[in-house]
1. Looking at the stretch A:379-397 only, could you name the residues that are part of a loop (DSSP other than H, G, I, E, B) and farther than 19 Å from residue A:415 by Cβ?
2. Report yes if residue A:241 is away from chain B (no Cβ under 12 Å) and closer than 19 Å to residue A:153 by Cβ, otherwise no.
3. Kindly indicate whether residue B:406 is buried (at least 23 other Cβ atoms within 10 Å of the Cβ), without any contact (Cβ under 8 Å) to a residue 60 or more places away in the chain and more than 14 Å from chain A (Cβ to nearest Cβ).
4. Regarding residue A:342, is this residue over 23 Å from residue A:141 (Cα atoms) and either outside the structural domain of residue A:256 (by TED's automatic domain parsing) or crowded, with 23+ Cβ neighbours inside 10 Å (or both)?
5. Look at the stretch B:265-280 and say how many of its residues are surrounded by fewer than 22 Cβ atoms within 10 Å (Cβ to Cβ) and under 24 Å from the mean Cα position of the chain (by Cα).
6. Only residues that are within 23 Å of residue A:353 (Cβ to Cβ) and more than 7 Å from chain A (Cβ to nearest Cβ): list them for the stretch B:181-203, please.
7. Just to be sure before I move on: is residue B:23 modelled with pLDDT of 95 or more and in a loop (DSSP other than H, G, I, E, B) in the structure I sent?
8. Which ones in the stretch A:120-144 are at pLDDT below 95 and either in a helix (DSSP H, G or I) or within 15 Å of residue A:214 (Cα to Cα) (or both)?
């Protein structure tokens, strides 16, 4: 879909200046624009008027100043793997592609931190770190850019142990909507020196500025890593195992629920033979002794909750295959119905309500004609529902919307959130008042203060 | 010191309305005002015009609305244990004492969280939790209120393992400068639903609103806890032990440096007999096996760095005595010179620079005539210098100021921060531009947006 609410002469003047700045790194081709206006979600794409491919913070500054001077909206763009329409150019404007900023700036091995340009992806970073004994754990599935992961407060399978991007970004370099550049913090592990600008920009989805550099915490690669797959008689048994594990303080590195529909999809997609049952995928990090101890404790809890045999994979290659299968679950699920799209929603609730929330959601899904699978980072109380929708059939889209509305309302009623990790984009913008009430007006005040002309990714998180 | 920059008729009108609201819970007595205008720091006190003792969020709303309608400044007040003049009424106004809001609202044992009113102290909370098997770890030394700890982004001895208030506040209830009430987040463990208002208010030092309720993460009391004291031949050896411990990923719960001056002060103050040497105080949390494993690993590192015998205290009573002595170090140090005050500064640097930073600082202190002791939460790269100053002698105050300026400049040059945990108040406000540069203008923008009349604790963090 093409859309532009910005006066065309403003856009064409800006595009002219950008072309003078960037040469052939400024594109107005239909294919490039279409690609940059759409993410991996079911949400309608909205093409930007142009795409600027930036190579440095200085170039981003120049791009931002040009756009700002013409009142033209800007949308920062990384790998386009967001799930709530974050990159859609709702009001036209210029998509700023940051993937050319792909340099690891500094590895501070002794301090367990690294500074990267925004376009470095998480896998690229871990390859770069290979000889240091360190790694960056946050793993949202997609090989997303670290700038994008910061901008969307990404999370994923490891968050139960290592936290989310909120916990692992030490500092950011940000280009503000007027072209000023700030660094939000120093490299010290903690600070009480003023407002937490780092946290304000983490999760701001490009609506307050363009993140061009990210300083991240790193971790030592654990001495021992072991993974396991364990089927359960029921979803309730699997979820209760998770809850009791977390409540016991066992520091699992990953504890993922994959429902029987998703297991079937994985088996078919990746040619595997997991038992078709609600299943936990687990990983333990630590010393040899502590990994064995953790596994034993979780094994005992699982046994009391109808868990079957643990299928262990201590070999790195096996482990990678297993987690690749877990990460591919979205593609595997959508592959169950040809020519369909995935509507991937996510909510997060206090863990005491997790079993109830998942079971009621599963009942809704079972009663619907729509194919819907559940997977989740359940150690955080976070789970996903993947609705497989034929976008050509309005009744299917309407049914997905109905189920998603019920899901979010249920999570909010349980003191949970409308999104644990996918973010707001424009797909969840209408749930924010229900979740935050008056606090949304504070978010609006912040947005107006930092982006008074509403040119940074307008129409996302809050509407003005 | 009495100070009021607010027109006296505005103040007297506000005080009249507050007295009608609160009766004898509105005080204008000189003693009460003086007590509320001064914290535990060396900074000059500035008396508020009145002190309002609030019992509920609704009362805080009423107080804020009265003050706002008259343009009268407000300063939230907890235990008054801040260290950079946070509570000084620089422009007069009304101190809002929140210690009457002392109720634990809800313990969610299964979710490992708790909601408390702002005036509940950390020790009160842990007593309340005694039968649950859970505890709240953050321990800044003083038995501070949890509202105050959130407002100042408090930290302390346990932060190396459990993080700071930034990491442990799940949600806040805040009364905004115009009397609106917001809740910054739900109880879900993570969320990607909009700007991180929780993090914005944590560490805002009462400059953006009044925190009236705090939702906190809790932790299971570890199966095993063991503590140790270990003297070293040199400060360098002690600090290198810390650095190597952190770099090895050993999850120590506490690792505190106490220099030989501080050890002497502790011995005298608490009638103890620790060897007069640079010393590490350590604590390990975990299962029996993991605690033993951690202690063995740290012991080996210490041995390679000139560490002497570990003096173990596994008995809870012994352990408490040891940590009480550590917590009393400020009082013990100031007791070394009668009629003096303590100027307690703190900085935090990347851990690779910690040894260099501490050694150069120690050299400065040794070359000065002023008595100065160093202690620190060194696992975070955070340490304190306590200057013992005769406030009647301007040359001593000037010397402390000189040493502190050098200390902060050194920390900033090492990519560190001017305060790891004490905060800005008005004592460190002049270092903020040197630390953050243009980002301070963003902080000013946020302050103006949320408190356009500059009535919430004016003159702290940023000057307008």
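1. Keep residues of the stretch A:379-397 that are part of a loop (DSSP other than H, G, I, E, B), which gives A:381, A:390-393.
Of everything in the stretch A:379-397, those that are part of a loop (DSSP other than H, G, I, E, B) and farther than 19 Å from residue A:415 by Cβ turn out to be A:390, A:391, A:392, A:393.
2. Working: away from chain B (no Cβ under 12 Å): yes; closer than 19 Å to residue A:153 by Cβ: no.
No; evaluated as a whole, the condition is false for this residue.
3. On the way: buried (at least 23 other Cβ atoms within 10 Å of the Cβ): no; without any contact (Cβ under 8 Å) to a residue 60 or more places away in the chain: yes; more than 14 Å from chain A (Cβ to nearest Cβ): yes.
For residue B:406, the condition - buried (at least 23 other Cβ atoms within 10 Å of the Cβ), without any contact (Cβ under 8 Å) to a residue 60 or more places away in the chain and more than 14 Å from chain A (Cβ to nearest Cβ) - is not met.
4. Details: over 23 Å from residue A:141 (Cα atoms): no; either outside the structural domain of residue A:256 (by TED's automatic domain parsing) or crowded, with 23+ Cβ neighbours inside 10 Å (or both): yes.
No; evaluated as a whole, the condition is false for this residue.
5. The initial filter retains those residues of the stretch B:265-280 that are surrounded by fewer than 22 Cβ atoms within 10 Å (Cβ to Cβ), namely B:267-277.
Add one more test, that the residue is under 24 Å from the mean Cα position of the chain (by Cα), and what stays is B:269-270.
Residues meeting the conditions: 2.
6. Selection gives B:185, B:198.
7. Numbers: modelled with pLDDT of 95 or more: yes; in a loop (DSSP other than H, G, I, E, B): no.
Taking the combined requirement at face value, the residue does not satisfy it.
8. Within the stretch A:120-144, no residue meets the criteria.
The values are calculated or read from the model by the stated rules, or taken from the named source; none is laboratory data. Treat the numbers as computed from the prediction; the structure is a model and nothing was measured. Don't worry about glycine lacking a Cβ; one is built from the backbone with ideal geometry, like all the others, and counts go over all protein chains shown.
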